[in-house]
Amino acid sequence: MFVRFEDVVLPGDVVTGIAGHDDKSRIVLGPGLRRCAEQVIVCASGVLKKNNRTYYVDLHQKRYIPARGEAVVGIVTSKAGDFFKVDIGSSEQASLHYLGFEGATKKNRPNINVGDTLYAILLSASKDMEPELVCIDSTGKKGKMGVLDPNGFIFNCSLNLIRKILHPDCPLLNYLGKEVSYEIAIGMNGKVWVNTKNVKSTIAVASAILAAEYYPHDEILQNTNDVLNKLLL
């Protein structure tokens, strides 16, 4: 069956309207899609979406499948030689070399302990190898990556909700920033780290994010306002 964008799709469907092999502009096939010869085949059930040059299937999924270049929130579980093992919620733990931090050298190793929470980028992800993380960008700068404040709160949510709140049309994060002073790190692996001035505000922000999953964009602000009013009064 041939399908187009915003259609409900099933595994085996063939997607039309995606740039072909002769198109010189770069495209990215996201979760739920794979290329087979000259066709793009659906391999998961959901709604077919497009974001600029990225094509993906929007589906309700909790298990994370690592993808190169995605930002994730993980917890350091062990250290073995020059590598740290990090739990990112996938079938295998990710590895992180100590040189994957800004300014790290053999004599100047980062102070990383078991239990620390990290915000990192997937350098490589393959079904045949364990995922590899780094806490620097292509220029060697850490930016906002690295060890997160231990006073923050981590919670899990569906991958569908992550994509929803990061969508440019979703007003949730901007609205929360106007009502509550908070820091946030959102991982594409379904883990979210939030830090505020007090426990009540942290619970309010986390609750507002989780409650947004089943509301359309035009109803999120009203629902968020109701949640904040109940928890912050």
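The values are calculated or read from the model by the stated rules, or taken from the named source; none is laboratory data. All values reported here derive from a predicted model rather than from experimental measurement. All Cβ positions, even for glycine, are placed from backbone atoms using ideal geometry, and neighbour counts span all protein chains on display. The area values use the complete protein model at the heavy-atom level, side chains included, leaving out ligands, DNA and RNA. Shrake-Rupley method; radii C 1.70, N 1.55, O 1.52, S 1.80 Å.
Here are the numbers for the structure shown:
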quantity: Residues (open to solvent by less than 60 Å² (accessible area, probe 1.4 Å), under 29 Å from S158 (Cβ atoms) and either of a type in the set (K, R) or without any contact (Cβ under 8 Å) to a residue 60 or more places away in the chain (or both)) located in the range 89-111; calculated: A94, S95, L96, G100
quantity: Members of the range 75-88 found to be surrounded by 21 or more Cβ atoms within 10 Å (Cβ to Cβ) and either within 11 Å of the chain's Cα centre (by Cα) or not in a strand (DSSP E or B) (or both), listed by number; calculated: I88
quantity: Extreme residue, farthest from K49 (Cα to Cα), among residues of the range 1-16 that are modelled with pLDDT under 75 and open to solvent by less than 70 Å² (accessible area, probe 1.4 Å); calculated: V3
quantity: Some residue of the range 82-98 being closer than 30 Å to V15 by Cα and basic (K, R); calculated: no
quantity: Of all residues in the range 122-154 being modelled with pLDDT of 90 or more and assigned to a loop (DSSP other than H, G, I, E, B), the one that is surrounded by the fewest Cβ atoms within 10 Å (Cβ to Cβ); calculated: N151
quantity: Positions within the range 95-119 being assigned to a loop (DSSP other than H, G, I, E, B), closer than 11 Å to V134 by Cβ and under 25 Å from the mean Cα position of the chain (by Cα), in sequence order; calculated: F101, E102
quantity: Boolean, G187 is touching a residue at least 60 places away in the same chain (Cβ under 8 Å) and small (G, A, S); calculated: yes
quantity: Top-ranked residue in the range 155-179 [being within 21 Å of L118 (Cβ to Cβ) and open to solvent by 50 Å² or more (accessible area, probe 1.4 Å); ranked as farthest from the chain's Cα centre (by Cα)]; calculated: N156
quantity: Verdict on Y56 being in contact (Cβ under 8 Å) with a residue 12 or more places away in the chain, crowded, with 16+ Cβ neighbours inside 10 Å, within 24 Å of M129 (Cα to Cα) and out of contact with any strand residue (DSSP E or B) (no Cβ under 7 Å at 6 or more places or on another chain); calculated: no
quantity: Residues of the range 180-220 satisfying the condition of being assigned to a helix (DSSP H, G or I), open to solvent by less than 70 Å² (accessible area, probe 1.4 Å) and within 23 Å of L233 (Cα to Cα); calculated: S201, T202, A204, V205, A206, S207, A208, I209, A211, A212, I220
quantity: Leading residue by the ranking (least open to solvent (accessible area, probe 1.4 Å)) among those in the range 36-46 that are modelled with pLDDT under 85 and assigned to a strand (DSSP E or B); calculated: G46
